[in-house]
Structures are given as C-alpha cells and as structure tokens.
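The values are calculated or read from the model by the stated rules, or taken from the named source; none is laboratory data. Given the structure is predicted, the values throughout are model-derived calculations rather than measurements. Here the Cβ positions follow ideal geometry from the backbone for every residue, glycine too, while neighbour counts run over all protein chains shown.
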Amino acid sequence: MNSLVPGFGLIFLAAVAGGAFAVPLKMQRRYKWENTWALGFLFALIIIPFVVVSIFLPVWSLAVRNAGTSTVLTAMAFGFLWGWGAVTFAVGVTAIGLSLGYATIMGVATALGSIVPMLRRWGEVPGNAKAVVLLGIATCVGGVAVSGRAGMLRERITGSGSAAASGSAHGLATRAFLIGLSWCVLSGFLSACANLGFDFADRVAREAQLLGAGPLSASIGRWITVYWGGYSAILIGSGYTMIKKGTWKNYVRPGSGSDLSRAVMLGCLHFLAQIPYGMGAYFLGRLGTTVGWALNIAFSLLVANAFGFLTGEWKGAPKSSIKTLYLALSILVLATILLAYGNSLASR
C-alpha cells in the first residue's frame with residue numbers, strides 16, 4: 001500500500017477532531033474559557049495520554065529516560081511555549097473574533113511549524129521537492145488568509161446597523177483591535193511549537209523502537225514530554241485567570257455538571273486531533289512533520305467550515321462571503337495537492 005494513503009487518512013482523522021474541537025466551547029453555559037482550558041487540557045494532555053501509553057507503549061518511561069536530558073528539556077520547552085499559545089489563543093480570539101483570529105493564528109502556525117522541521121532536514125530533501133513543498137506551504141497560508149477574509153465578510157453584516165462611533169471611541173476600538181491582533185500573531189508563533197516539540201522529540205520514538213515498540217506506538221511517546229510542558233503553561237495561565245477573576249467558583253456552581261462533561265469532550269477531541277497526526281506524519285516519511293503539519297491545518301479548516309455550514313453559522317451570510325469561502329476552500333484543496341506531490345518527490 002502507498003504510504004500516502006494511511007498517512008493522509010490518519011491526518012484527516014486528526015483534522016476532523018481538530019475541526020470539531022471548538023464545538024463544545026459554543027455549548028458552555030457557566031464555564032469561562034479558563035475553566036474549560038484547565039479541565040479540558042488536563043484530560044487531553046495528562047490523563048488520557050497516560051492511560052494510552054500505559055496500554056500501547058509500556059516502555060515509554062524508559063524510552064524517555066534513554067532519550068536523554070537534552071531531548072526531554074527541549075521537547076518540554078517547546079511544549080511550554082505551545083501551552084502559552086493555547087492561552088493566548090483564547091485571549092486573541094476573544095478580542096478580535098474567531099474568524100480573523102483563527103486565520104491569523106493558523107497562518108503563522110502553518111508557516112513556522114512546517115518550515116522549521118524542513119530546515120532541519122534541508123540537505124536530505126531533493127531540490128524539486130523543496131520547491132513544490134514550499135509552494136504548497138505558501139498556498140496553504142494563502143488559503144488560511146482568504147478563509148479569514150470570508151469570516152470577516154460574514155461577520156460584518158452583524159455590526160452594520162450599529163451607530164457610528166465617536167472619534168475617541170473609535171481610537172480606543174482601534175487600539176484594542178491592534179492589541180488583540182498582536183495576541184493572535186504571538187499565539188501563532190507559540191502554537192507552532194507543538195509541532196516543533198514533536199519534531200525535536202524524535203529520539204524518544206527511536207529509543208522506544210530499540211526497546212521493541214512498533215513505529216506507530218513509538219510515535220505516541222514523542223508527545224509525552226511536549227504535553228508535560230504544555231499543561232504546565234496552561235495551568236499557570238488559566239489558574240491565574242481563575243484566581244484573579246474568581247471564576248474558579250464556576251466548578252461548584254449549580255448546573256455546572258453539563259459544562260464539565262463538555263470540557264472533557266473538548267479534551268478528548270484535542271487528544272484525537274494530535275495523536276493520529278503524529279502517526280500520519282510517520283507514514284509520510286522524512287517530511288512528515290513538514291507536509292503533515294500543513295495538511296493537518298488545511299484539512300482542519302475544511303472540516304471546521306463544514307461544521308460551520310451544518311450548524312447554521314453561514315445561514316443568511318452575504319453572497320460575497322460565501323463566494324470568498326469557496327475560493328478559500330479551493331485554494332486549500334490546491335495546497336493539499338501540491339503538498340502531496342512534494343512529499344512524493346521527497347520520498348523517491
């Protein structure tokens with residue numbers, strides 16, 4: 001079987017989970033983002049991974065030890081930065097909206113998270129493959145940008161009936177927007193660290209295979225140290241916010257049980273958005289963490305917009321926004337084709 005088939009299949013599975021990741025957030029009633037983040041990521045990054053590696057990778061602790069302190073600390077450091085990316089994600093999209101915020105974050109994360117792993121293997125990649133893959137990454141970033149434009153056009157109709165703001169109010173709104181946009185750009189850089197941590201933790205997987213683990217189960221071990229660093233940052237950020245705002249009380253408010261179950265659902269979806277991606281990256285070969293990362297984001301945007309249509313987000317949207325969305329989806333499909341072709345050239 002062509003390795004592209006299971007590789008693409010697993011990454012698409014991860015993208016479905018990633019595209020559905022935000023759905024539980026829309027259903028929250030009493031929880032704030034900090035409540036959901038602290039609890040949901042506890043399941044996503046600590047509880048579920050521990051259960052999974054205990055069953056499928058019993059040698060994980062020895063593999064981590066054999067990988068060495070340098071590898072573990074590097075992966076944890078990238079994970080810690082990625083964790084802050086999750087915190088700044090919530091702050092940024094709250095400030096400027098989901099459509100523009102998500103597009104900005106994913107555009108930056110796509111470029112950085114894809115190119116750095118490729119640079120680590122630059123000498124191993126044929127010249128024609130480099131050109132096609134870089135073109136595919138650029139096309140993916142363009143598709144993300146156009147997708148954000150479609151979301152902005154859709155949301156503009158909501159505020160079209162509001163009164164014109166005064167000069168001072170307009171200045172404050174512009175300043176708040178620029179601050180929110182800065183948070184999103186920062187989140188994009190930090191969010192890419194998830195893939196960088198996974199890429200730099202490749203020695204954990206090699207050590208696990210030396211201990212008798214299969215290559216797919218060994219890929220799960222690469223996430224463990226990244227997760228340790230990631231949850232540390234999320235716990236600090238969300239914990240501080242809960243203490244400052246007093247929202248920790250939401251955990252014990254009457255009727256918060258349904259929000260708890262949704263936070264756990266969010267954690268499960270987040271876990272499924274990453275582990276299959278890691279397995280798919282293995283099947284894609286030497287450029288798995290370059291091509292796979294860009295494909296994962298492209299697929300997740302396609303899936304997220306499909307969920308948007310199914311849940312009625314685009315009902316009543318202006319035709320210009322829908323046409324722009326179709327253009328964005330077409331660009332993302334083109335990016336997928338380019339990345340697949342570039343990966344096949346690199347695998348020869």
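With respect to the numbered conditions (1) assigned to a helix (DSSP H, G or I); (2) surrounded by fewer than 23 Cβ atoms within 10 Å (Cβ to Cβ); (3) not β-branched (Val, Ile, Thr), which one is the sole condition not fulfilled by PHE41?
So the condition that PHE41 fails would be (2).
Filter region 315-333 down to the residues that are aliphatic (A, V, I, L, M) and surrounded by 17 or more Cβ atoms within 10 Å (Cβ to Cβ), then identify the one that is nearest to the chain's Cα centre (by Cα).
Quick first cut of region 315-333, residues aliphatic (A, V, I, L, M) only: 317, 322, 325, 327-329, 331-333.
So of that shortlist, the ones also surrounded by 17 or more Cβ atoms within 10 Å (Cβ to Cβ) come out as 317, 325, 328-329, 331-332.
Details: ALA317: 27, LEU325: 20, ALA328: 19, LEU329: 18, ILE331: 20, LEU332: 16 Å.
Per the stated criteria, the residue is LEU332.
Please state which of the following conditions GLY19 fails to meet, knowing it meets all the rest: (1) crowded, with 18+ Cβ neighbours inside 10 Å; (2) at pLDDT 85 or above; (3) of a type outside the set (D, E, K, R).
Evaluating GLY19 over (1) crowded, with 18+ Cβ neighbours inside 10 Å; (2) at pLDDT 85 or above; (3) of a type outside the set (D, E, K, R) leaves (2) as the failure.
Could you go through region 3-24 and let me know if any residue there is assigned to a loop (DSSP other than H, G, I, E, B) and closer than 28 Å to VAL91 by Cβ. Don't jump to the end; show me each part of the working.
Residues of region 3-24 that are assigned to a loop (DSSP other than H, G, I, E, B), as a first pass: 3, 21-22.
Okay, now just the ones that are also closer than 28 Å to VAL91 by Cβ, so 21-22.
Among the residues of region 3-24, at least one is assigned to a loop (DSSP other than H, G, I, E, B) and closer than 28 Å to VAL91 by Cβ, which makes the answer yes.
Determine which member of the set THR74, THR69 is out of contact with any helix residue (DSSP H, G or I) (no Cβ under 9 Å at 6 or more places or on another chain) and either in contact (Cβ under 8 Å) with a residue 60 or more places away in the chain or closer than 19 Å to ASP199 by Cα (or both).
Numbers: THR74 fails: out of contact with any helix residue (DSSP H, G or I) (no Cβ under 9 Å at 6 or more places or on another chain).
THR69 is the lone residue from the list that is out of contact with any helix residue (DSSP H, G or I) (no Cβ under 9 Å at 6 or more places or on another chain) and either in contact (Cβ under 8 Å) with a residue 60 or more places away in the chain or closer than 19 Å to ASP199 by Cα (or both).
Is one or more of the residues making up region 61-77 more than 26 Å from ALA145 (Cβ to Cβ) and buried (at least 24 other Cβ atoms within 10 Å of the Cβ)? Don't jump to the end; show me each part of the working.
Of region 61-77, the ones more than 26 Å from ALA145 (Cβ to Cβ) are 61-77.
Restricting the remaining residues to those that are buried (at least 24 other Cβ atoms within 10 Å of the Cβ) gives 63, 75.
Yes, the conditions are met somewhere in region 61-77.
If MET279 meets every condition in (1) modelled with pLDDT of 90 or more; (2) closer than 24 Å to ALA346 by Cα apart from one, which number is that one?
All conditions pass for MET279, except number (1).
Return the only residue of ALA201, ALA208, ALA169, ALA173 being buried (at least 24 other Cβ atoms within 10 Å of the Cβ), more than 22 Å from the chain's Cα centre (by Cα) and either farther than 30 Å from TYR341 by Cβ or modelled with pLDDT of 90 or more (or both). Before the answer, list the steps.
Values: ALA201 fails: more than 22 Å from the chain's Cα centre (by Cα); ALA169 fails: buried (at least 24 other Cβ atoms within 10 Å of the Cβ); ALA173 fails: buried (at least 24 other Cβ atoms within 10 Å of the Cβ).
Going through ALA201, ALA208, ALA169, ALA173 in turn, just one is buried (at least 24 other Cβ atoms within 10 Å of the Cβ), more than 22 Å from the chain's Cα centre (by Cα) and either farther than 30 Å from TYR341 by Cβ or modelled with pLDDT of 90 or more (or both): ALA208.
Could you tell me how many of the residues in region 305-331 are not β-branched (Val, Ile, Thr) and not in a helix (DSSP H, G or I)? Write out each step before concluding.
Of the residues in region 305-331, the ones not β-branched (Val, Ile, Thr) are 305-310, 312-321, 323, 325-330.
Pick out the ones that are also not in a helix (DSSP H, G or I) and you get 312-318.
Here the count works out to 7.
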